[in-house]
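Asker: My structure is below; once you've seen it, I'll send some questions.
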Amino acid sequence: MELKIKINGNERTVEKGITINEALEQDGIEVPTMCFLKGTEHFPTCLVCIVKDQRTNMLIPSCSTDVQEGMDLITNDEEVFEARKMALDLLLSDHVGECAAPCQTGCPAFMDIPHMNRLLAQGKFDDALRVVKKDIAIPAVLGRICPAPCERACRRKTMDEPVYICLLKRYAADHDLAHEEPFIPDVLPPTGKKVAVVGAGPAGLAAAYFLIQKGYAVTVYDKHPLPGGTLRYSVPDEHLPKEVLDQEVDIMKKMGVVFKMDQELPADILQKLRKEYDSVVVATGEDNADFDGLIKKHRSFIVNSQTFQSNLEDVFVIGNAIKPGRVAIRAVAHGKEAAISVDQYLKGEEVVGDVRMFISRYGLMLDDDHDAFMSEANDRARIEKEKFAIEGFTLEEVKAEAERCMHCDCRAKDDCDLRILSDFYGAEQKKFFPKDREPIRKSFRNEPIVYEPEKCIKCGICIKVTKMESDALGLSYIGKGFDVEVDVPFNNPGFKIMEKTAELCAEHCPTGALEMVNNVEVVPFSK
Amino acid sequence: MTEDHQIVLEQILQNYDGNKKSVIPLLQTIQERYNYLPPDILQGVCKQTDITPEQIMGVASFYSQFRLKPTGEHIVKVCTGTACHVKRSNLVHEALERELELPPGEETDAKGKYTLESVNCVGCCTLAPVVLIDETTYGYVNSEDVGKIFSAFEYNKGKETVRKKALSNGDEYDGEVRIALDSCCVASGTEKVMNSVRAAVSDSGMNVKLKRVGCVGMCHQVPMIEIVPSNGGEPTFYSKVGPDDVKQILHKHFTPQGILYKLKSRINNFIEDMQTDKTWEGIEQYHLDVGEKQVTSFMGRQVQLSTEYLGTLNPLDINEYKLHHGFFGLKRALTKHTPDEIIEKIKASGLRGRGGGGFPTGIKWEMLSKQNSDIKYVICNGDEGDPGAFMDRMLLESYPFRVIEGMIITAYATQATHGYFYIRAEYPKATKRIGEALKICRELGYLGDNIMDSGFSFDIELFKGAGAFICGEETALIASIEGDRGFPSLRPPYPVQEGLWGKPTLVNNVETYAQVPYITRNDLEKYTQHGTETSKGTKVFALAGKINNGGLIEVPMGITIREIVEDIGGGIADGKKFKAVQIGGPSGGCIPYWMADTPVDYDSLKKVGAMMGSGGMIVLDETDCMVDIAKYFLSFTQHESCGKCTFCRVGTKRMLDILIDISEGRGKMKHLDELERLSEWTHRGSLCGLGQTAPNPVMSTLKYFREEYEAHINGTCPTGKCQGLITYSIDQNCIGCTRCVQSCPVDAIPFTPYKTHSIDKETCIKCDSCRIVCPEDAIRVN
């Protein structure tokens, strides 16, 4: 039997007995879902799949409602969008979890520090270096001079001392440079477009490093005889041996970056470069230099702070040229982000810069959180080294220090539906987040699964999965209402649970509440 | 499992099929035995039956009746119903915590003697605030008295020996003594009064008949007895009778037999007085002649259909019911009408569902009758969960046969095959009465095969709920009977299409069924003359709160709120000013005094932001804080949310967070907009009626009393109810009597006899004890 319905005003004929979602899919319309799992009974809970029936103005969960004759469905108006966003706002207000660790959000280059730490702790130094170099162009340099804002954000400091992230990073970088052939990142095939970078300081080097990877021909202009800018000419040798800088610059040269040194950089050079190159990145530091056509105020160039695009659309300005007095790591971060903007510009896309994905966060740590955090960390004290130590960590020290990391990030950060949808719908976690939150819990009792109840959005998928597979004991909703939790019935340590379904549940959990303990070993950059 | 437990489990399991369907009754039986659910027994159940751990724990942790932790010897329950709340049961609860010296988070005292629990409305709203210890109910409790409750309980424990042989023999009586014995009356001490009647009759040898009748509706006057002389004289009511008053009353009407009896009774009395005059009854009791205007007017404005023959029927006397038109409606239906004719008549009567939604009953029936199925169910929804509502309890307790008759007629009209009573856990008496009534009906052929020789067969099963407000929602109720957590499910399919066990199912409210026999028995006009164009007939309300005459009333639809409050309710108690009426409980709203001429019918109530609901009507006076009322209802729905859908589970919680902030002085003006936005989305986005209507109390108070919210945000609670915003002090009226000093549980008032006392604001916990005991009204709350 067939039914006549309307989808966003268009008349459609659909089969009786299918869900609204299935009908929409046939029409090429994708509706987000979290609690829905094909093949299991309908049990709508999350309500992000809401659509509207215009006849009644009712909001309906499309994943589990069958189409009815005459439905006049709206899937994309402002109200439906707001309803879904509201569902997400509410879910996030009860989602005590953080996608990214505070050290990562504290790092201007947004480096995935916990991931590096896990690899270092396992002795996978080359893999660790790849994680580092995804975001940081000159880690061996920064591993010596960085003021390490990440360590100021490190949660471990509420227990004792922060993890010595800076030296850990340095170890990964030095270990790599000690190879006969240090790691060279992949470079995309040439796009045929050329970019000039003015200034070979930390910002310029970083911009060059990331632009070349994106397939652009990059030429760096600098007035000094050697690349490095302030790194070479202001930082004392005992803090930063210049061979280290040379080695990291060499890698860039091997990648294809051309350095034109001892260049005069008069005010009209920019206009000349603009003619020769498709885009120009200005990274001249706290110089008094002026460039024709580029607007400057109080000795700084004026740019869009998100994209670094200047008043000239093909010119991007980064580093101390726009914000004087900032540390090298910020300049390096600018280089990475500007490369993204330039890429967008040269591809003819809207230039939006490095837009970071939504990050769930709950703010300060509570005393009651300590146990959960320490459950994955070594409780030994920080291995101290004097500032600007010539010697970094030994192999034993690096493993031991890396083990101190509490892994504040989320195991599901890369494939969390809640995060992806929150990002898409611009959900606001702070909107309803309570002042007194629940303390974090992490349960490893049911290995190979780690369960973090405070992240659970009560979708019920794992309960359905364990039921379907008739797993012994299974999982159950315990309690009701706001305080409902998913847990093992008769929570008795002696029982074997989720023997058949651990992996399935971890796979289908729409957020990071149920994850495989070991999924942190998955290394995307493995050789 | 211990051997003991193993043996008990074996015994228990003999009475159940070991499948999902029996989870709830099985758990109830286990809990009856142990007062909680021992985990090893639950695991044993899973091993020995088909019930899975997921099912048993899911159910055991969902319903509030079930306890997963052992309790003390006795269970102390504080009623959290609306009437109790407005009479400050929260202070009583806090006082009980102090009395039992419970550390935060603990429910059982250190000796393991008492466990303190909050319970949803127990339906004795006119006695508010109410505390129960095991089966004993204490009414009008204030925070000052909690110690006395325990002494009274300890004193009376094991003493309730009933002298049953007391009644005189023979058929010739000088008259009849009628006593109402429903929950309200029992709670107020009627049982003791009845024992006194028995004792007095036995001691004096008076020739009178004692008769138990159903609720008479005047709950504010109980314990009440009615003396009906056999010589045809006028009956006389006595209200608020104490056990000690009985003798005097009886002696006034009837002559004792001989002097010997008198002598004997005097000696007995003397001993008894010595033993009992120090006990605390918990309830102030005094005489009141019923001839007084108040009570007459209270009865006079009402129209009794559901409560027809109020106060004359012995609830379980089927012959008496038959003498009062009982089963006439059924007989007429079975013998003179086809099922379709009945449906047509119900449609024509304009009867709408009395459970709150107001869906036209006849149309629902028609939908069921059109379903082709070998099995069809008819369910009576007796899960009356609204705090402050006790109509259904009273109907089930006092008119069990009428409700059953209504269900049989419904089944005949829709050609249903099986019936269920779903009655909430908190109504043990109603459950018991219905159980007995069903048995009687079966024995006399009103249920079972070939009812009244009509060829129509139908039977009804009784299912006891386990304490979950959400189970008043029909799909959740069905899930509950099926042995699941009370999660509502999406409609369509509607229960009339696919309901219990996947079969077509009709769910109607108790009161809806109670109206049916009257409609089928009489000509249509007799019913339709009552009510308005769109809301026909009568509605039973539980009138409580700050009113002079609280209790159960049945009024024609369309009567105004003012008529109910002033003419029937006798106005506001204690000479206070009328502020608002809360109608419809947690799904309803507050109607302000300036809209008191609003007629009470489905559509008018909806228009003003309230809702008929099941019929709770709480009258509020000038001392009631509207923010507090909104917070009260929202905490109720938030707590009762099943937790399935995001908008209800989290939305109600976040709304409550904001209300708590406002009531504790952390509110900001922008919160009011946020509250409105959350209300709107919780209403629109929730999957079932609970979440959709949960914002109503907030929205209606915000609409009519916004300035009160603003006052809280600016730092004052105008009525002095919100503890976070008030301070206690003592003014110049103080005579230095030190009573407040003695009553203060935290020593916040220094001992300064004959001098004006003072309160240390830092130490004060705002328990209100000082204000209660102060003889000079010298305690100020600002």
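The values are calculated or read from the model by the stated rules, or taken from the named source; none is laboratory data. Only a predicted model underlies this, so the values are computations on that prediction, with no experimental measurement involved. Cβ placement follows ideal geometry from the backbone for every residue including glycine, while neighbour counts extend to all protein chains displayed.
Asker: For B:Pro599, work out the one condition from (1) of a type outside the set (Asp, Glu); (2) within 12 Å of another protein chain (Cβ to nearest Cβ); (3) in contact with a Leu (Cβ under 9 Å, 6 or more places away or on another chain); (4) touching a residue at least 24 places away in the same chain (Cβ under 8 Å) it doesn't fulfil.
Answerer: (2)
Asker: Now for a different question. Determine if region B:323-345 includes at least one residue that is more than 15 Å from B:Asn509 (Cβ to Cβ), polar (S, T, N, Q) and in contact with a strand residue (DSSP E or B) (Cβ under 7 Å, 6 or more places away or on another chain).
Answerer: Scanning region B:323-345 turns up no residue that is more than 15 Å from B:Asn509 (Cβ to Cβ), polar (S, T, N, Q) and in contact with a strand residue (DSSP E or B) (Cβ under 7 Å, 6 or more places away or on another chain).
Asker: Could I ask something else about it? Among the residues of region A:284-295, is any small (Gly, Ala, Ser), farther than 21 Å from A:Leu188 by Cβ and surrounded by 15 or more Cβ atoms within 10 Å (Cβ to Cβ)? Before the answer, list the steps.
Answerer: Step one: list which residues in region A:284-295 are small (Gly, Ala, Ser), which gives A:285, A:289, A:293.
Applying the additional criterion that residues be farther than 21 Å from A:Leu188 by Cβ yields A:285, A:289, A:293.
Restricting the remaining residues to those that are surrounded by 15 or more Cβ atoms within 10 Å (Cβ to Cβ) gives A:285, A:289.
Within region A:284-295, one or more residues are small (Gly, Ala, Ser), farther than 21 Å from A:Leu188 by Cβ and surrounded by 15 or more Cβ atoms within 10 Å (Cβ to Cβ).
Asker: Right, something else. Of everything in region B:351-397, what is part of a helix (DSSP H, G or I) and within 14 Å of the chain's Cα centre (by Cα)? Give them in sequence order.
Answerer: Restricting attention to region B:351-397, the residues satisfying the condition of being part of a helix (DSSP H, G or I) are B:361-369, B:391-397.
B:Met391, B:Asp392, B:Arg393, B:Met394, B:Leu395, B:Leu396, B:Glu397, listed by residue number.
Asker: One residue is enough: does region B:453-466 have a residue meeting the conditions without any contact (Cβ under 8 Å) to a residue 24 or more places away in the chain, surrounded by fewer than 24 Cβ atoms within 10 Å (Cβ to Cβ) and in a helix (DSSP H, G or I)?
Answerer: Here is the first cut: in region B:453-466, the ones without any contact (Cβ under 8 Å) to a residue 24 or more places away in the chain are B:453, B:455.
From what is left, the residues that are surrounded by fewer than 24 Cβ atoms within 10 Å (Cβ to Cβ) are B:453, B:455.
Applying the additional criterion that residues be in a helix (DSSP H, G or I) yields B:453.
For region B:453-466, residues without any contact (Cβ under 8 Å) to a residue 24 or more places away in the chain, surrounded by fewer than 24 Cβ atoms within 10 Å (Cβ to Cβ) and in a helix (DSSP H, G or I): present.
Asker: Go through (1) at the interface with chain B (Cβ under 10 Å from one of its Cβ atoms); (2) within 30 Å of A:Glu452 (Cβ to Cβ) one by one and return the number of the condition A:Gln68 breaks.
Answerer: Among (1) at the interface with chain B (Cβ under 10 Å from one of its Cβ atoms); (2) within 30 Å of A:Glu452 (Cβ to Cβ), A:Gln68 violates only (2).
Asker: Identify, from the list B:Asn522, B:Asn508, the residue that is within 27 Å of B:Ala389 (Cα to Cα), out of contact with any Leu (no Cβ under 8 Å at 6 or more places or on another chain) and either of a type in the set (Ser, Thr, Tyr) or more than 14 Å from chain A (Cβ to nearest Cβ) (or both). It would help to see each step written out before you state the result.
Answerer: Working: B:Asn522 fails: within 27 Å of B:Ala389 (Cα to Cα).
Residue meeting the stated conditions: B:Asn508.
Asker: Looking only at region A:451-475, filter to residues that are closer than 14 Å to A:Gly97 by Cα and out of contact with any His (no Cβ under 9 Å at 6 or more places or on another chain); which one of those is farthest from the other protein chains (Cβ to nearest Cβ)? Lay out the reasoning, then the answer.
Answerer: Step one: list which residues in region A:451-475 are closer than 14 Å to A:Gly97 by Cα, which gives A:451-457.
From what is left, the residues that are out of contact with any His (no Cβ under 9 Å at 6 or more places or on another chain) are A:451-453.
Numbers: A:Tyr451: 16, A:Glu452: 18, A:Pro453: 14 Å.
Only one residue fits best here, namely A:Glu452.
Asker: Okay, next question. Does region B:419-434 contain at least one residue that is crowded, with 23+ Cβ neighbours inside 10 Å, part of a helix (DSSP H, G or I) and aromatic (Phe, Trp, Tyr)?
Answerer: no
Asker: Considering each residue of region A:124-147, count those that are surrounded by fewer than 23 Cβ atoms within 10 Å (Cβ to Cβ) and of a type in the set (Gly, Ala, Ser), and give that number.
Answerer: Total satisfying the criteria: 0.
Asker: Checking the condition more than 14 Å from chain A (Cβ to nearest Cβ), touching a helix residue (DSSP H, G or I) at 6+ places or on another chain (Cβ under 9 Å), hydroxyl-bearing (Ser, Thr, Tyr) and farther than 21 Å from B:Ser118 by Cα, which residue from B:Thr52, B:Thr29 passes?
Answerer: B:Thr29
Asker: Is at least one residue of region B:64-78 buried (at least 17 other Cβ atoms within 10 Å of the Cβ), out of contact with any Leu (no Cβ under 7 Å at 6 or more places or on another chain), touching a residue at least 60 places away in the same chain (Cβ under 8 Å) and within 11 Å of chain A (Cβ to nearest Cβ)?
Answerer: yes
Asker: Please specify each residue of region A:443-473 satisfying the condition of being assigned to a helix (DSSP H, G or I) and among the charged types (D, E, K, R). Explain how you work it out, then say what you get.
Answerer: Let us first name the residues in region A:443-473 that are assigned to a helix (DSSP H, G or I), namely A:453-455, A:461-468.
Selection gives A:Glu454, A:Lys455, A:Lys464, A:Lys467.
Asker: Can you list the helices (runs of 4 or more DSSP H) found entirely within region A:321-412 that contain at least 3 residues being closer than 30 Å to A:Val450 by Cβ? Please lay out each step first, then the result.
Answerer: Numbers: elements: A:328-346, A:370-374, A:395-402.
In region A:321-412, A:370-374, A:395-402 are the helices (runs of 4 or more DSSP H) which contain 3 or more residues that are closer than 30 Å to A:Val450 by Cβ.
Asker: Would you mind stating whether B:Tyr513 is touching a residue at least 12 places away in the same chain (Cβ under 8 Å), buried (at least 18 other Cβ atoms within 10 Å of the Cβ) and closer than 23 Å to B:Gly689 by Cβ? Give the derivation first.
Answerer: Details: touching a residue at least 12 places away in the same chain (Cβ under 8 Å): yes; buried (at least 18 other Cβ atoms within 10 Å of the Cβ): yes; closer than 23 Å to B:Gly689 by Cβ: yes.
In short, yes.
Asker: How many residues are touching a residue at least 40 places away in the same chain (Cβ under 8 Å), part of a helix (DSSP H, G or I) and either over 20 Å from the mean Cα position of the chain (by Cα) or outside the structural domain of A:His370 (by TED's automatic domain parsing) (or both) when one looks only at region A:128-160?
Answerer: Residues flagged as touching a residue at least 40 places away in the same chain (Cβ under 8 Å), part of a helix (DSSP H, G or I) and either over 20 Å from the mean Cα position of the chain (by Cα) or outside the structural domain of A:His370 (by TED's automatic domain parsing) (or both) within region A:128-160 amount to 8.
Asker: Taking the conditions exactly as written (under 30 Å from A:Gly325 (Cβ atoms), modelled with pLDDT of 95 or more and part of a helix (DSSP H, G or I)), does A:Val163 satisfy them or not? Step through it out loud before you land on a result.
Answerer: Values: under 30 Å from A:Gly325 (Cβ atoms): yes; modelled with pLDDT of 95 or more: yes; part of a helix (DSSP H, G or I): no.
So A:Val163 does not fit the description; no.
Asker: Yes or no: A:Arg437 within 12 Å of chain B (Cβ to nearest Cβ) and part of a loop (DSSP other than H, G, I, E, B)?
Answerer: Yes.
Matching residues to (1) at pLDDT 95 or above; (2) of a type outside the set (Gly, Ala, Ser); (3) surrounded by 23 or more Cβ atoms within 10 Å (Cβ to Cβ); (4) under 26 Å from A:Glu428 (Cβ atoms):
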residue	(1), (2), (3), (4)
A:His42	no, yes, no, no
A:Val51	yes, yes, yes, yes
A:Thr56	no, yes, no, no
A:Thr75	yes, yes, no, yes
A:Glu82	yes, yes, no, yes
A:Leu91	yes, yes, yes, yes
A:Gln104	yes, yes, yes, yes
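Asker: If you don't mind, there's one more thing I want to ask. Of the numbered conditions (1) over 19 Å from B:Phe327 (Cα atoms); (2) among the aliphatic types (A, V, I, L, M); (3) not in a helix (DSSP H, G or I), B:Ala416 fails exactly one; give the number of that condition.
Answerer: That leaves (1) as the condition not met.
Asker: Quick one: in region A:256-283, which of the residues that are in contact (Cβ under 8 Å) with a residue 60 or more places away in the chain and touching a helix residue (DSSP H, G or I) at 6+ places or on another chain (Cβ under 7 Å) is surrounded by the fewest Cβ atoms within 10 Å (Cβ to Cβ)? Write out each step before concluding.
Answerer: Kept after step one, since they are in contact (Cβ under 8 Å) with a residue 60 or more places away in the chain, are these residues of region A:256-283: A:256, A:261, A:265, A:269-270, A:273, A:276-283.
Narrowing the set further to residues that are touching a helix residue (DSSP H, G or I) at 6+ places or on another chain (Cβ under 7 Å) leaves A:256, A:278-283.
Working: A:Gly256: 15, A:Asp278: 17, A:Ser279: 25, A:Val280: 27, A:Val281: 31, A:Val282: 32, A:Ala283: 32.
Ranking the candidates gives A:Gly256 first.
Asker: Which helices (runs of 4 or more DSSP H) does region B:646-761 wholly contain that include 2 or more residues that are surrounded by fewer than 16 Cβ atoms within 10 Å (Cβ to Cβ) and away from chain A (no Cβ under 14 Å)?
Answerer: On the way: elements: B:646-663, B:669-685, B:689-693, B:696-704, B:706-713, B:739-743.
By residue number, B:706-713.
Asker: Kindly list the number of the only condition in (1) facing another protein chain (nearest Cβ under 8 Å); (2) surrounded by fewer than 16 Cβ atoms within 10 Å (Cβ to Cβ) that fails for B:Cys642.
Answerer: B:Cys642 satisfies all of (1) facing another protein chain (nearest Cβ under 8 Å); (2) surrounded by fewer than 16 Cβ atoms within 10 Å (Cβ to Cβ) except (2).
Asker: Something else now. Of the residues B:Ser151, B:Ser202, which single one is among the hydroxyl-bearing types (Ser, Thr, Tyr), outside the structural domain of B:Ile765 (by TED's automatic domain parsing) and at pLDDT 75 or above? Before the answer, list the steps.
Answerer: Numbers: B:Ser202 fails: at pLDDT 75 or above.
Exactly one of B:Ser151, B:Ser202 is among the hydroxyl-bearing types (Ser, Thr, Tyr), outside the structural domain of B:Ile765 (by TED's automatic domain parsing) and at pLDDT 75 or above, namely B:Ser151.
Asker: On to the next question. Just give me the residues in region B:638-656 being touching a residue at least 60 places away in the same chain (Cβ under 8 Å) and either of a type in the set (A, V, I, L, M) or in contact with a helix residue (DSSP H, G or I) (Cβ under 6 Å, 6 or more places away or on another chain) (or both), in sequence order. Working first, answer last.
Answerer: To start, the set of residues in region B:638-656 that are touching a residue at least 60 places away in the same chain (Cβ under 8 Å) comprises B:640-642, B:644.
Of everything in region B:638-656, those that are touching a residue at least 60 places away in the same chain (Cβ under 8 Å) and either of a type in the set (A, V, I, L, M) or in contact with a helix residue (DSSP H, G or I) (Cβ under 6 Å, 6 or more places away or on another chain) (or both) turn out to be B:Glu640, B:Ser641, B:Cys642.
Let's see how each residue does on (1) under 23 Å from the mean Cα position of the chain (by Cα); (2) among the β-branched types (Val, Ile, Thr); (3) at pLDDT below 95; (4) farther than 18 Å from B:Gly353 by Cα:
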residue	(1), (2), (3), (4)
B:Lys503	no, no, no, yes
B:Leu506	no, no, no, no
B:Pro517	no, no, no, no
B:Thr520	no, yes, no, no
B:Glu533	no, no, yes, no
B:Leu543	yes, no, yes, yes
B:Lys546	yes, no, yes, yes
